[in-house]
1. Of all residues in the stretch 246-282, which are assigned to a loop (DSSP other than H, G, I, E, B), among the basic types (Lys, Arg) and over 24 Å from SER147 (Cα atoms)?
2. Restricting the search to the stretch 144-164, which residues are in contact with a helix residue (DSSP H, G or I) (Cβ under 7 Å, 6 or more places away or on another chain) and not in a loop (DSSP other than H, G, I, E, B)?
3. Say whether the condition of being outside any loop (DSSP other than H, G, I, E, B), surrounded by fewer than 19 Cβ atoms within 10 Å (Cβ to Cβ) and among the β-branched types (Val, Ile, Thr) is met by at least one residue in the stretch 198-209.
4. Mind listing whichever residues of the stretch 186-202 are touching a residue at least 12 places away in the same chain (Cβ under 8 Å) and under 22 Å from ILE161 (Cβ atoms)?
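The values are calculated or read from the model by the stated rules, or taken from the named source; none is laboratory data. Computed from a predicted structure; not experimentally measured. Methodologically, a virtual Cβ is constructed for each residue, glycine included, from the backbone with ideal geometry; neighbour enumeration extends over all protein chains shown.
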Amino acid sequence: NKWRASFELVIHFTVKHLIMKKFFVLLFTIVSYQSIAQQPLPFNDSAYFDGNNFKMPVNVHGSFWHLIDNYDTYSTCLYNKGGYKSLGYSLSLWMGGYDTNAILHAAATRQVLYGAEYWPGPLQGADTNISYTLSQNWAKVWKINKSDIQTFLATSTHTLINTPTVILEWPAKGNIYAKGRNGATLYINDDMAPFIDVNNDGNYNALQGDYPKMKGDQMLWLVYNDAGPTPHNEITNTPSLGVEVKAMVYGYKNFTSIDNLMFYEFQLRNKKATLNSFTVGS
């Protein structure tokens, strides 16, 4: 069956100590890397997951173990048991598929110095690439702790002053207070970050009691896509897929063996190309 604009795919996997469980295997070769020139990623915005025995950065371009500062990179996933130890330095999604004309569409990240095929932000519709300005506004990783939710729920009346910023500005559908990079206003008319809709009106409003729907004791959320303002000419040298990725990284801290697990969840939605096949891996 053709993978049309309506297909969605959810991927779950975990990192446990030195073992990464991969539920999907990449089945195609992308490109030779010898001719790739160094091109820094446009946005170096990142956040750390540090909720249990792990510490690792998440970058807005879909590089999950890269902390970026121009051409300098700090690339590692750290596990803390008697001192932090590096478990790895690279994690991202690679994906591809053939369209109805047997043309390969693909997207990948190699290292942070080799250009952007994933850009921050959601896609607005079919046959539309995200603009640089819109991508810049969405260049943010939202980080929330269970304690933020507990503080919010313990308050009976919610105001602009007493509502935690991450809850007030959560990038959920219909949130008029949603903020992105450097406080940029976000206009969200589609389902984005998950939330608890207390009054069941379909829109997010923390002042009416709505709050983020989170997993674990700490969660990071971001959205990115492979249809940015520049072509895929640094890594895969293919047309874009037009896939939007909503990503969550979360973990638990309850002083049991679950502290040694880190969870990843990716929701992929095709909004552009009509594909006869699709493969994704990490």
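1. Applying the first criterion (assigned to a loop (DSSP other than H, G, I, E, B)) to the stretch 246-282 yields 252-256, 271-274, 276-278, 282.
Right, trim to among the basic types (Lys, Arg) and you get 253, 271-272.
Answer for the stretch 246-282, where residues must be assigned to a loop (DSSP other than H, G, I, E, B), among the basic types (Lys, Arg) and over 24 Å from SER147 (Cα atoms): LYS271, LYS272.
2. The answer is ILE144, ASP148, PHE152.
3. Taking the stretch 198-209 as the starting set, the residues that turn out to be outside any loop (DSSP other than H, G, I, E, B) are 206-208.
From the residues that got through so far, the ones that are surrounded by fewer than 19 Cβ atoms within 10 Å (Cβ to Cβ) too are 207-208.
The next check asks that each one be among the β-branched types (Val, Ile, Thr); those that pass are none.
No: the stretch 198-209 contains no residue that is outside any loop (DSSP other than H, G, I, E, B), surrounded by fewer than 19 Cβ atoms within 10 Å (Cβ to Cβ) and among the β-branched types (Val, Ile, Thr).
4. Scanning the stretch 186-202 gives LEU186, PHE195, ILE196, VAL198.
Let's see how each residue does on (1) surrounded by fewer than 22 Cβ atoms within 10 Å (Cβ to Cβ); (2) part of a loop (DSSP other than H, G, I, E, B); (3) at pLDDT 80 or above:
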{"position": "SER86", "(1), (2), (3)": "yes, no, no"}
{"position": "SER90", "(1), (2), (3)": "yes, yes, no"}
{"position": "MET95", "(1), (2), (3)": "no, no, yes"}
{"position": "TYR98", "(1), (2), (3)": "yes, no, yes"}
{"position": "HIS105", "(1), (2), (3)": "no, no, yes"}
{"position": "ALA116", "(1), (2), (3)": "no, yes, no"}
{"position": "LEU123", "(1), (2), (3)": "no, yes, yes"}
{"position": "ASP127", "(1), (2), (3)": "yes, yes, no"}
{"position": "THR133", "(1), (2), (3)": "yes, no, yes"}
